[in-house]
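Heads up, the thing below is written out as structure tokens.
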Amino acid sequence: MESLYADPDSCRGRCHERYNKQDECHCNTKCEKHRNCCEDYHMHCSKGERPLGEHGTRLAARSYWGLGAPLLRCLSPALHIHSSSCAMVLTPADGFSSSHDSITNEELLSISEQLFKVDHNKAQKSDITINPQHLASSAEIKDKEDHSPEPLYTYVNEKLFSKPTYASFIKLLDNYQRMTGSGEAFSAEQLKEQENFLQEVMKTELMIKLYNFLHKKSNTQEEFVSDLKEMWFGLYSRGEEEGDSSGFEHVFSGEVKKGKVSGFHNWIRFYLLEKKGLVDYHSHNYDGPWASYPDVLGMQFSWDGYFKEVGSAFIGCSPEFEFGLYTLCFIARPGKMCRLSLGGHQLGIQTYTWTKSTYGNNRKYIATAYVTSS
């Protein structure tokens with residue numbers, strides 16, 4: 001199946017391409033000198049991805065899936081595993097993500113189906129009506145034209161937003177400056193809102209099930225929540241100013257970098273801004289096979305004049321569902337395609353780690369996470 005999403009902040013498929021000043025970040029051999037490489041440059045361009053051949057075709061590249069699940073688990077920068085089964089020794093680190101076992105592909109398919117079944121706060125079919133309108137061709141995806149005269153959301157039952165996880169999530173969305181390069185400074189109240197959100201999601205069966213799947217007996221829920229707070233809300237620098245971004249801001253609230261929308265993969269955020277007239281839906285290039293919610297949509301839109309070429313999002317899921325799945329994949333398959341199953345339909349989630357700074361004992365922040373069809 002063709003991928004529904006291509007991240008302009010990624011070097012995936014772009015190694016050694018020629019410099020283009022229109023690009024948000026770069027993947028050529030001089031980007032390190034000029035300090036304008038994409039955040040995953042070393043992951044893709046220093047580990048076997050070869051340059052484009054004639055006519056733009058990709059020459060054969062190494063397949064890291066061929067390493068096998070146990071070794072992939074050892075290589076995971078989010079896990080810090082020290083295991084005799086690993087081909088290399090990594091620094092041990094206490095925390096919820098420490099484990100001597102691998103998370104297999106089969107386990108990922110199983111746990112994702114379990115999380116899908118316990119998303120008790122998701123929207124019911126009668127709670128949301130969307131109007132996808134124009135299905136964009138590959139040529140139309142980049143044309144920035146508004147091919148859909150009507151809003152995407154025809155109806156949303158806003159009683160959903162009174163549920164504790166929704167209400168605490170929504171309070172976080174206006175705590176950020178969307179322009180990268182503008183440092184974030186949180187008030188005591190805003191920091192408390194982060195704590196409240198984590199407390200509310202951890203009350204749900206979904207997040208408890210995820211915690212039980214990931215943790216060792218010697219680890220506590222407090223350690224799990226502490227890691228969640230750092231990996232999602234810890235600040236790092238995408239622009240010139242210190243502490244201007246975080247995983248949560250990028251994925252859920254959205255950012256603007258070099259005149260383009262970056263991140264912004266949340267249906268609630270989209271709906272609330274569309275309702276205010278700040279988001280203009282243009283078209284979609286993918287509509288998932290699910291007959292109920294959550295569903296998946298790949299779409300083109302503009303945010304207060306800034307364009308998003310393809311923004312993928314779950315539609316109608318609870319905040320804890322999206323937060324939980326992205327966390328699962330960041331831990332199990334950081335920087336790689338994480339293949340899951342929801343209601344019998346398979347899909348992928350791609351995550352990337354932030355490579356320029358760490359927290360704790362060399363643990364990684366979330367750079368981005370998004371759903372894809374392959």
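The values are calculated or read from the model by the stated rules, or taken from the named source; none is laboratory data. As the structure is a prediction and not an experimental result, all values here were calculated from the model. All Cβ positions, glycine included, derive from the backbone under ideal geometry; neighbour counts span all protein chains shown. The area values use the complete protein model at the heavy-atom level, side chains included, leaving out ligands, DNA and RNA. Shrake-Rupley method; radii C 1.70, N 1.55, O 1.52, S 1.80 Å.
Identify, from the list Gly247, Gly263, the residue that is modelled with pLDDT of 95 or more and at positive phi.
The unique qualifying residue is Gly263.
Mind listing just one residue for me: the one in the range 1-47 that is over 20 Å from Ser312 (Cβ atoms) and open to solvent by less than 30 Å² (accessible area, probe 1.4 Å) and, of those, modelled with the lowest pLDDT?
Per the stated criteria, the residue is Tyr41.
Among the candidates Lys192, Lys209, single out the residue that is within 14 Å of Phe169 (Cα to Cα), part of a helix (DSSP H, G or I) and either among the basic types (Lys, Arg) or open to solvent by 60 Å² or more (accessible area, probe 1.4 Å) (or both).
Lys192
Please enumerate the residues belonging to the range 309-359 that are hydrophobic (A, V, I, L, M, F, W, C), under 22 Å from Leu272 (Cα atoms) and at pLDDT 95 or above.
Within the range 309-359, Ala313, Phe314, Ile315, Cys317, Phe321, Phe323 meet the criteria.
Check Tyr281 against each of (1) surrounded by fewer than 18 Cβ atoms within 10 Å (Cβ to Cβ); (2) touching a residue at least 40 places away in the same chain (Cβ under 8 Å) and name the one condition it does not meet.
The failed condition is (1).
Yes/no per residue for (1) assigned by the TED database to the domain that holds Phe213; (2) part of a loop (DSSP other than H, G, I, E, B); (3) within 19 Å of Gly288 (Cα to Cα):
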position: Ala313; (1), (2), (3): yes, no, yes
position: Ile331; (1), (2), (3): yes, no, no
position: Pro334; (1), (2), (3): yes, yes, no
position: Trp354; (1), (2), (3): yes, no, no
position: Thr358; (1), (2), (3): yes, no, no
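Which pairs do you get when a residue that is over 19 Å from Lys122 (Cβ atoms), found in the range 167-178, comes within reach of a residue that is open to solvent by less than 30 Å² (accessible area, probe 1.4 Å) and not in a helix (DSSP H, G or I), reach meaning Cβ atoms under 7 angstrom, with the pair 6+ apart or on two chains?
From the range 167-178, the pairs are Tyr176/Glu184; Gln177/Glu184; Arg178/Gly254; Arg178/Glu255; Arg178/Val256.
Taking the stated definitions as given, is Phe307 in contact (Cβ under 8 Å) with a residue 24 or more places away in the chain and either outside the structural domain of Ile141 (by the TED database) or under 11 Å from the mean Cα position of the chain (by Cα) (or both)?
no
Return yes when Leu235 is open to solvent by 20 Å² or more (accessible area, probe 1.4 Å), among the hydrophobic types (A, V, I, L, M, F, W, C), within 21 Å of Phe169 (Cα to Cα) and out of contact with any strand residue (DSSP E or B) (no Cβ under 6 Å at 6 or more places or on another chain) and no when it is not.
yes
For the range 290-302, how many residues are in a strand (DSSP E or B), open to solvent by less than 10 Å² (accessible area, probe 1.4 Å) and not polar (S, T, N, Q)?
The number of residues fulfilling the criteria is 5.
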